[in-house]
Amino acid sequence: MITFQGVHKWFKSLHVLNDINLHVTSGEVLVVCGPSGSGKSTLIRTINQLEPIDKGTLTVDGMDLLDKKTDINKLRAEVGFVFQQFNLYPHLSVLNNIILAPTKIRKTAKRDAEEQAMALLERVGLAEKRNAYPSQLSGGQQQRVAIARALAMKPRIMLFDEPTSALDPEMIGEVLAVMKDLAVSGMTMVVVTHEMGFAREVAHRVAFMDAGTVLEEATPDEFFSRPKHERAQQFLRQLLTPMHCECP
Amino acid sequence: MLNYQFDWSTVTSGKYFDWLASGVKVTLQLSALSIVLAFILGLLIAVMRMSNNKPVRWIAHAYLEFFRNTPLLVQIFFWYFGSYKILPTAVNDWLNSTNFEFAAAVIALTIYTSAFIAEDIRSGVLSIPKEQMEAARSAGFSYLRSMQYIILPQAVRLTVPPLVNQFLNLAKNSSLAMTIGVMELTYQARQVESYTFKGFEAFTAATVVYVAISLVITALVNIYNEKVLNIHKAA
Ligand SMILES: Nc1ncnc2c1ncn2[C@@H]1O[C@H](COP(=O)(O)OP(=O)(O)O)[C@@H](O)[C@H]1O
Ligand SMILES: [Mg+2]
């Protein structure tokens, strides 16, 4: 579904992605973790080309991202992206946030789109908020709407960049529950997160990043009980010590 | 001058009142039509100015610099006297059969004002967080569609107050149209003055109307700011 082969990227002189090789198969959930600044966001953003890569090959859902003929807007329509800061459209109601892309890009009839949007809102537990505006919702509610908005395009892949890092602790659970439900339903997912409970329970594999490289790739069991690299061990120790939480 | 007899009835009733009233009407028509066209053109120029395409961006930039930095009066004269020379005869004949003064004034005011509006819209767009564009692009919207559905609707909301200022400027600037014979308010005040020699009354009346237009519009903007944008004046 997603294949990185020898992928490199630079921001000016900063070598932000250094020889990335990863493969995510259909229905798989990959959790990416690592210290702040290690390149996790950049990595996940290359998958829908919010960040173009400089070297190597990257194929997503059969499309070669370096091929000039690849229709990038079409690719993005197939890949849902959930941001740390939700990024709902503040001028639109919850319902209109969700139906905008389906009606304008997929040309779904408005009534059908609304029906599907309501079903998604039921699924994330926010049906009664359909007419609210984003500013009237809590962070956890906004993030659940953002997930519903992404799902409304019926994506083949879902990407999450630290979806719970901007949330108050009591709201993290409700968002993780929606993501878990999605994983169980067989969605292909790449999730950047420091929620190790989620990783243990839901992920099929964990990739640990440090300084632009994937240092370690393992099943959650292996990674949490027997991390190989010194950096990974250090990272996990710090996560368990709240005083040194790396979460931005 | 000391024994000048004020005669307000000259401008508050009768034929000369009608002249001034018709001037007010033309001023409002001229301003309203120009602001609508200037908004549409300004939107287009703003989008071009922010385009990824270098030549397109450059054309918009040149447009902005050129029309903001030449006197409006020169631009009015250019469209009225100058455009004749470059247009085909058939077009000229048609223009002459219509109200060409009015059309030339609308063109000049529209283009001049659009340059300012484009900059207002651009700063509105720049104040929208870049994450909004990322969210739109991630959903699969092209750059232009992202602008259309996500960025501009938010930016235009922020642009309403400066836009109203442009409208106020436009209403005042429209008085320059008298120089090419558009019978707007200032033109009519001048007419009343030359027929009655009641210049003080005529131009006072015109002044009162311009101030009234400004006050009404400013009041509407304040209401908009409070009700829609929730901006309250500092105590
Ligand atoms: N647009 C950018 N321009 C320049 N440097 C950037 C940009 N985005 C990220 N970086 C840098 O790249 C490195 C990796 O960033 P990021 O991928 O956001 O890391 P993470 O998500 O793991 O915290 C950081 O040093 C960051 O400062
Ligand atoms: Mg990040």
Filter pass, A:V60 being among the hydrophobic types (A, V, I, L, M, F, W, C), away from ligand 1 (no atom under 13 Å from the Cβ) and either over 17 Å from the mean Cα position of the chain (by Cα) or over 30 Å from A:E128 (Cβ atoms) (or both): yes
Scan of the range A:1-33 for residues that are within 16 Å of ligand 1 (Cβ to nearest atom) and among the small types (G, A, S), ordered by number: A:S13
Residue within the range A:182-190 that is away from ligand 1 (no atom under 16 Å from the Cβ), open to solvent by 60 Å² or more (accessible area, probe 1.4 Å) and of a type in the set (A, V, I, L, M) present: yes
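Condition check ((1) among the polar types (S, T, N, Q); (2) in contact with a strand residue (DSSP E or B) (Cβ under 7 Å, 6 or more places away or on another chain); (3) open to solvent by 30 Å² or more (accessible area, probe 1.4 Å); (4) more than 13 Å from chain A (Cβ to nearest Cβ)) across all residues:
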| residue | (1), (2), (3), (4) |
| --- | --- |
| B:G124 | no, no, no, no |
| B:S127 | yes, no, yes, no |
| B:E131 | no, no, yes, no |
| B:A136 | no, no, no, no |
| B:P153 | no, no, yes, no |
| B:P162 | no, no, yes, yes |
| B:N165 | yes, no, yes, yes |
Those residues of the range A:2-44 which are of a type in the set (D, E, K, R) and at pLDDT 95 or above, in sequence order: A:K9, A:D19, A:E28, A:K40
Candidates A:N87, A:N97, filtered to the one that is touching a Pro at 6+ places or on another chain (Cβ under 9 Å), open to solvent by less than 10 Å² (accessible area, probe 1.4 Å) and either modelled with pLDDT of 95 or more or facing chain B (nearest Cβ under 10 Å) (or both): A:N97
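Yes/no matrix, rows are residues, columns are (1) over 18 Å from the mean Cα position of the chain (by Cα); (2) open to solvent by less than 10 Å² (accessible area, probe 1.4 Å); (3) on the phi < 0 side of the Ramachandran plot; (4) more than 9 Å from chain B (Cβ to nearest Cβ):
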{"position": "A:T70", "(1), (2), (3), (4)": "yes, no, yes, yes"}
{"position": "A:A77", "(1), (2), (3), (4)": "no, yes, yes, no"}
{"position": "A:H91", "(1), (2), (3), (4)": "yes, no, yes, no"}
{"position": "A:P102", "(1), (2), (3), (4)": "yes, yes, yes, yes"}
{"position": "A:R111", "(1), (2), (3), (4)": "yes, no, yes, yes"}
{"position": "A:A119", "(1), (2), (3), (4)": "yes, no, yes, yes"}
The one condition in (1) polar (S, T, N, Q); (2) outside any helix (DSSP H, G or I); (3) away from ligand 2 (no atom under 16 Å from the Cβ) that A:N97 fails to fulfil: (2)
Enumeration of residues in the range B:104-118 that are modelled with pLDDT under 95 and either open to solvent by 30 Å² or more (accessible area, probe 1.4 Å) or at positive phi (or both): B:I107
Total residues in the range A:31-55, condition in a strand (DSSP E or B) and within 16 Å of ligand 2 (Cβ to nearest atom): 3
Evaluation of B:V91 against (1) modelled with pLDDT of 95 or more; (2) over 24 Å from B:F167 (Cβ atoms) (one fails), failing number: (1)
Meets criteria (touching a Gly at 6+ places or on another chain (Cβ under 8 Å), in a loop (DSSP other than H, G, I, E, B) and not basic (K, R)) for A:G186: yes
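The values are calculated or read from the model by the stated rules, or taken from the named source; none is laboratory data. In this text, all values refer to a predicted model and were calculated from it rather than measured experimentally. Reconstructed Cβ throughout: ideal geometry from the backbone, glycine too, with neighbour counts over all protein chains shown. The accessibility values were calculated without ligands, DNA or RNA, using every heavy atom of the protein model including side chains. Shrake-Rupley method; radii C 1.70, N 1.55, O 1.52, S 1.80 Å.
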